[in-house]
1. Look through the range 142-152, keep the residues that are open to solvent by 50 Å² or more (accessible area, probe 1.4 Å) and in a helix (DSSP H, G or I), and return whichever of them is modelled with the highest pLDDT.
2. Does any residue of the range 83-92 turn out to be of a type in the set (A, V, I, L, M), in a loop (DSSP other than H, G, I, E, B) and open to solvent by 20 Å² or more (accessible area, probe 1.4 Å)?
3. Only one of SER47, SER28, SER62 is closer than 23 Å to GLY221 by Cβ, modelled with pLDDT of 85 or more, among the polar types (S, T, N, Q) and assigned to a helix (DSSP H, G or I). Can you tell me which?
4. State whether one or more residues within the range 117-128 are surrounded by fewer than 17 Cβ atoms within 10 Å (Cβ to Cβ) and either within 16 Å of the chain's Cα centre (by Cα) or at pLDDT 95 or above (or both).
5. Looking for whichever is small (Gly, Ala, Ser), over 18 Å from PHE233 (Cβ atoms) and touching a residue at least 24 places away in the same chain (Cβ under 8 Å) here; the options are ALA77, ALA106, ALA113. Which one fits?
6. Could you list, in sequence order, the residues of the range 93-115 that are open to solvent by 60 Å² or more (accessible area, probe 1.4 Å) and among the hydrophobic types (A, V, I, L, M, F, W, C)?
7. For the range 114-132, which residues satisfy the criterion of being under 15 Å from LEU193 (Cα atoms) and not polar (S, T, N, Q)?
8. What number of residues within the range 201-244 satisfy the criterion of being open to solvent by 10 Å² or more (accessible area, probe 1.4 Å) and farther than 24 Å from LEU45 by Cα?
Amino acid sequence: MSYDQQKLNRTTPPPYMGGIGSGNVARSLNTVMKKVYVRMFVGLLISAFCALGVASSPAALSFFFGNKIMLWGMPIAMLAMAILIPVRLNKMSTSTCIILFGVYAALMGCWLAPIFIAYKIGTIVYTFFITAGTFGAMSVYGYFTKSDLTKFGTYLIMALFGLIIASIVNIFVASSAFDWIISIAGVLIFTGLTAWDTQQIRRMSEMSLDSATSDKLATMGAFNLYLDFINLFLYILRIFGGRD
């Protein structure tokens, strides 16, 4: 199952419309964006610790990847959660949203554990720093740019569909050259989606939101950026780690 499929379920909660002053808008924006990045960082930490824990334990590796129930259950559970969280967002409490995001990050970490076996640790480390630098630069761009990235984001979503189809086709073709092209395309698409998602989160944050909706927006924004980072990391790793 491709991690790209999870990106098809992206959404943000509807705004609670009301009038507030520019000072309150700035405070609301700062509060939401701070929560977004903090929660995203925590999600990445959860994934990293779970991945390292599973990779360093033969028993854990056998449990998660040695039987078909867990092998297929993890990606199915992640896909179900990626659908459930946005659909049920308005009916869930803020704490439930955060807990589900944490569970999702833990499952993702367990699912990614084999990369510590398939790739050299040095390759993983410098790929992480390259990903962090690229993600940071594009998120800053998306936050501060005055350009409207709406149309750009629409094209990226369409390109994402194409990427998923190409990835499925290459499962049967098994072409290394095609895989390299897919990896390059994946890096470009998720680099652009990082900027687009950041701008979308900022625009939603500038609206008049009640406290509960604002907190849910922060969790959903963190979830979207988390997926951008994970996918960007995986595609860059496939490029730089191909020789491992």
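The values are calculated or read from the model by the stated rules, or taken from the named source; none is laboratory data. Computed from a predicted structure; not experimentally measured. Because the Cβ atoms are built from the backbone with ideal geometry, glycine has one as well, and the counts that use them run over all protein chains shown. When the accessible area is computed, the model is the full protein with side chains, heavy atoms only, and any ligands, DNA or RNA have been set aside. Shrake-Rupley method; radii C 1.70, N 1.55, O 1.52, S 1.80 Å.
1. Of everything passing the filter in the range 142-152, PHE144 is modelled with the highest pLDDT.
2. Yes, that holds for at least one residue.
3. SER47
4. Step one: filter the range 117-128 for residues surrounded by fewer than 17 Cβ atoms within 10 Å (Cβ to Cβ), giving 117-118, 120-122, 125-126, 128.
Imposing the further condition that a residue be either within 16 Å of the chain's Cα centre (by Cα) or at pLDDT 95 or above (or both) reduces the set to 128.
Yes, the range 117-128 has at least one match.
5. Being small (Gly, Ala, Ser), over 18 Å from PHE233 (Cβ atoms) and touching a residue at least 24 places away in the same chain (Cβ under 8 Å) holds for just one of ALA77, ALA106, ALA113, which is ALA77.
6. First, pick out the residues of the range 93-115 that are open to solvent by 60 Å² or more (accessible area, probe 1.4 Å): 95, 98-99, 103.
Of everything in the range 93-115, those that are open to solvent by 60 Å² or more (accessible area, probe 1.4 Å) and among the hydrophobic types (A, V, I, L, M, F, W, C) turn out to be ILE98, ILE99, VAL103.
7. ALA132, the sole residue that qualifies.
8. 13
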